[in-house]
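A single structure is presented below for examination.
The values are calculated or read from the model by the stated rules, or taken from the named source; none is laboratory data. Given the structure is predicted, the values throughout are model-derived calculations rather than measurements. Don't worry about glycine lacking a Cβ; one is built from the backbone with ideal geometry, like all the others, and counts go over all protein chains shown.
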Amino acid sequence: MTLERLLAGPPKVINLGLEAFALELQAAGVPVVHVDWRPPAGGDPRLAALLAKLDDEGDEESRQ
Amino acid sequence: MPVRAVVRAAFYQDSVALMRVAQELRARPGVREAAALMGTPANHELLAAAGLATAETKAAGPGDLVLAVDAETDAAVAAALAAADGLFAARRQALEAAVRVLPRTLDSALRHLPEANLVAISIPGAYAAAEALRALRRGLHIFLFSDNVPLADEVALKREAARRGLLCMGPDCGTAYVGGIGLGFANVVPRGRVGVVAASGTGLQAVASHLAALGEGLSHGIGVGGRDLSTHVGGPMTLFALEALGRDPATALVVLVSKPPDPTVLPRIEGALAGLRKPAVVCCLGAPTREGPGRWVATLEDAAEAAVATIRGQAWHPRAFADPTRVRARLAALGARSDLVLGLYTGGTLAHEAGLLLDPLLGPGRARVLDLGADEFTIGRPHPMLDPEARAARVREAGRDPAVGVILVDLVLGRAAHPDPAAPLAAAIRDARTAAEAAGRSLAAVASVVGTRDDPQGLAGQVAALEAAGAEVLPSNAQAARFAALLLRPDLAPSLLGHSP
């Protein structure tokens, strides 16, 4: 997805975080999916970052 | 004096939902204080400071919701806690009705919207980088609203984004406009020919709103986050965005808004501006204006005016006030003040701009400008653009402070901001002025509003509400700061207003 293509029309958005942002985009007619996000690893940021790293490394390998 | 708290384990709510529920609980009969917070270390400190910490709350972790109520009777406490559960359930129902599906992960969301091209992230900063990296690796552009993201993570995210040809707007990106759609705190502005690259959310909002007032609009507004032009980050997203707007056929002119770039980064920015092949206006607040490339201006208002004049092929010169005759009349009506200008701001860049204008006009020690959206004021609570109470309390405090002669405030409208921010600010200004008068003093309030007539709050009504509370409302932040300075230094009038006609 090049930047030119992003700028060519309204974005299509995945929203993680403030619900209000998803609702505003939806009201503006923008395709949006809101993620029911909650802190991973019981809210331990260091453990969460480690899990994310492992998850994504696995992900990259599986695609190669 | 019952205080009771309950913990809902693994029940995450965002900061806006928590703020709204806490506000509704505080408004209930018999309730003295109420809190609805996630059990983070910072929030445990807030609970203790508010006298709301109990044995139950101390066990709550960052993924657990804490509800605590201090009320006059046990019955009032129980009713408030029950009401809180009902309020969260109602919010959830409204959200589910509006968005239909609520996937739990980014990958699951992508299955629902495979054509997605942008991920907007506003989760707490400690978790934001991991989700942002995941989005980049899926080939998605990022709007990263979250603040408190470590600098090293920002460097890594932007390196990854640049490697993949993706945009990483932020961290701490408050506002952006992509393809005519506002993200984050965004004023409702028309589409047009001006493309903005901004290292500041409120800076972008101010320029966009001034452009709208002048009858022009935005092609795109690309936010890059306040640290992009620092030596550590090196300006990768500013350079990427400048290059993209340079190629964009809908963009006739580019405006760059930031603090001064680090000297090690400046040559690269100058190189990009020189290579644009379309006119540019540069507003690096605090940098000495210079001769090209691009037209360098000193204020956000000047950036919009210079852009519009350039596009229309008109001559333009900066001016201190749009309506010097009216300013003269208002100064005469208000009379001179002594002592201190106290700036109480919700917009960081607006605060910075006000300080840059006030200090040289007033000299040392006569102006104090606080950015109440800065990290030190927002730990454990929402940004003051969403939650106006923290600023209202400081305005009232200023009414009791004999050192303060003028309070200077901003008010930022737009989507996702408070639905009626003028009301609590006007009430606080009224109270502060009444308190000052009761003590035999007179307190002046000077304001400016960032907004447009199409914003949900409506610019005219918000201005009228502030004026009804006795505030002087100027058409821009820069003019408001100069007006505040003139109240303390009427001797500056000839240089700022010209000689009386």
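Tell me yes or no: at least one residue of segment B:27-47 is within 25 Å of residue B:424 (Cα to Cα), away from chain A (no Cβ under 14 Å) and basic (Lys, Arg).
yes
Next up: Return the only residue of B:201, B:217, B:174, B:221 being surrounded by fewer than 24 Cβ atoms within 10 Å (Cβ to Cβ), in contact with a strand residue (DSSP E or B) (Cβ under 7 Å, 6 or more places away or on another chain) and assigned by TED's automatic domain parsing to the domain that holds residue B:303. Even if it seems obvious, please write down each step before you answer.
On the way: B:201 fails: surrounded by fewer than 24 Cβ atoms within 10 Å (Cβ to Cβ); B:174 fails: surrounded by fewer than 24 Cβ atoms within 10 Å (Cβ to Cβ); B:221 fails: surrounded by fewer than 24 Cβ atoms within 10 Å (Cβ to Cβ).
Every option except B:217 fails the conditions.
Please work out which residue is nearest to residue B:146 (Cα to Cα), limiting yourself to segment A:1-49 and to residues that are of a type in the set (D, E, K, R), in contact with an Asp or Glu (Cβ under 9 Å, 6 or more places away or on another chain) and assigned to a helix (DSSP H, G or I).
Ranking the qualifying residues of segment A:1-49, first place goes to A:19.
I've got another one for you. Assess whether residue B:101 counts as being in contact with a strand residue (DSSP E or B) (Cβ under 9 Å, 6 or more places away or on another chain), surrounded by fewer than 16 Cβ atoms within 10 Å (Cβ to Cβ) and either under 21 Å from residue B:225 (Cβ atoms) or within 7 Å of chain A (Cβ to nearest Cβ) (or both).
The answer is yes for residue B:101.
Could you tell me which residue of segment B:461-501 is farthest from residue B:332 (Cα to Cα), considering only residues that are among the aliphatic types (A, V, I, L, M) and surrounded by fewer than 16 Cβ atoms within 10 Å (Cβ to Cβ)?
Filtering segment B:461-501 for residues that are among the aliphatic types (A, V, I, L, M) and surrounded by fewer than 16 Cβ atoms within 10 Å (Cβ to Cβ), the one farthest from residue B:332 (Cα to Cα) comes out as B:464.
Given the criteria in contact with a strand residue (DSSP E or B) (Cβ under 6 Å, 6 or more places away or on another chain) and either farther than 18 Å from residue B:174 by Cβ or at pLDDT 95 or above (or both), does residue B:120 qualify?
yes
Where in segment B:63-142 are there helices (runs of 4 or more DSSP H), lying wholly inside it, with at least 2 residues that are touching a residue at least 40 places away in the same chain (Cβ under 8 Å) and not assigned by TED's automatic domain parsing to the domain that holds residue B:39?
On the way: elements: B:74-99, B:106-112, B:125-137.
Output list reads B:125-137.
Residues checked against (1) under 22 Å from residue B:278 (Cα atoms); (2) not in a loop (DSSP other than H, G, I, E, B):
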{"residue": "B:205", "(1), (2)": "no, yes"}
{"residue": "B:208", "(1), (2)": "yes, yes"}
{"residue": "B:211", "(1), (2)": "yes, yes"}
{"residue": "B:221", "(1), (2)": "yes, yes"}
{"residue": "B:226", "(1), (2)": "no, no"}
{"residue": "B:234", "(1), (2)": "no, no"}
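Condition (residue is under 26 Å from the mean Cα position of the chain (by Cα), part of a helix (DSSP H, G or I) and closer than 28 Å to residue A:47 by Cβ) applied to segment B:8-16: is it met by at least one residue?
Yes; the residues of segment B:8-16 include at least one that is under 26 Å from the mean Cα position of the chain (by Cα), part of a helix (DSSP H, G or I) and closer than 28 Å to residue A:47 by Cβ.
Residues are listed down the side, and each one gets a yes or a no for (1) more than 14 Å from every other protein chain (Cβ to nearest Cβ); (2) at pLDDT 95 or above; (3) out of contact with any strand residue (DSSP E or B) (no Cβ under 7 Å at 6 or more places or on another chain):
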position	(1), (2), (3)
B:262	yes, no, yes
B:290	yes, no, no
B:307	yes, yes, no
B:339	yes, no, no
B:343	yes, yes, no
B:358	yes, yes, no
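Of the residues B:26, B:32, which is closer than 24 Å to residue B:92 by Cβ and either among the charged types (D, E, K, R) or assigned by TED's automatic domain parsing to the domain that holds residue B:424 (or both)?
B:26
What is the number of the single condition among (1) facing another protein chain (nearest Cβ under 7 Å); (2) in contact with a helix residue (DSSP H, G or I) (Cβ under 7 Å, 6 or more places away or on another chain); (3) modelled with pLDDT under 90 that residue A:47 does not meet?
Exception for residue A:47: condition (1).
Among the candidates A:28, A:52, single out the residue that is at the interface with chain B (Cβ under 7 Å from one of its Cβ atoms) and modelled with pLDDT under 75.
So the residue among A:28, A:52 that is at the interface with chain B (Cβ under 7 Å from one of its Cβ atoms) and modelled with pLDDT under 75 is A:52.
Which one of these is in contact (Cβ under 8 Å) with a residue 24 or more places away in the chain, aliphatic (A, V, I, L, M) and surrounded by 20 or more Cβ atoms within 10 Å (Cβ to Cβ): B:19, B:38?
On inspection, the qualifying residue turns out to be B:38.
In addition: In segment B:56-77, which residues are away from chain A (no Cβ under 11 Å) and out of contact with any Pro (no Cβ under 9 Å at 6 or more places or on another chain)?
Residues satisfying the conditions are B:56, B:57, B:58, B:59, B:66, B:67, B:68, B:75.
Can you find a residue in segment B:297-312 that is of a type in the set (Ser, Thr, Tyr), surrounded by fewer than 22 Cβ atoms within 10 Å (Cβ to Cβ), closer than 22 Å to residue B:244 by Cα and under 29 Å from the mean Cα position of the chain (by Cα)? Full working, then the answer.
To start, the set of residues in segment B:297-312 that are of a type in the set (Ser, Thr, Tyr) comprises B:299, B:310.
From what's left, surrounded by fewer than 22 Cβ atoms within 10 Å (Cβ to Cβ): B:310.
Next cut, closer than 22 Å to residue B:244 by Cα only: B:310.
Keeping just the survivors that are under 29 Å from the mean Cα position of the chain (by Cα) gives B:310.
The answer is yes; a qualifying residue exists.
Check segment B:196-211 and report whether any residue there is within 14 Å of chain A (Cβ to nearest Cβ) and touching a Leu at 6+ places or on another chain (Cβ under 9 Å).
Yes, segment B:196-211 contains at least one residue that is within 14 Å of chain A (Cβ to nearest Cβ) and touching a Leu at 6+ places or on another chain (Cβ under 9 Å).
Can you go through B:153, B:147, B:172 and tell me which one is more than 7 Å from every other protein chain (Cβ to nearest Cβ), at pLDDT below 95 and closer than 19 Å to residue B:240 by Cβ?
So the residue among B:153, B:147, B:172 that is more than 7 Å from every other protein chain (Cβ to nearest Cβ), at pLDDT below 95 and closer than 19 Å to residue B:240 by Cβ is B:172.
Every residue, every condition in (1) in a strand (DSSP E or B); (2) out of contact with any Phe, Trp or Tyr (no Cβ under 8 Å at 6 or more places or on another chain); (3) not assigned by TED's automatic domain parsing to the domain that holds residue B:187, yes or no:
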| site | (1), (2), (3) |
| --- | --- |
| B:341 | yes, yes, yes |
| B:354 | no, no, yes |
| B:382 | no, yes, yes |
| B:393 | no, yes, yes |
| B:407 | yes, yes, yes |
| B:418 | no, yes, yes |
| B:425 | no, yes, yes |
| B:430 | no, yes, yes |
| B:435 | no, yes, yes |
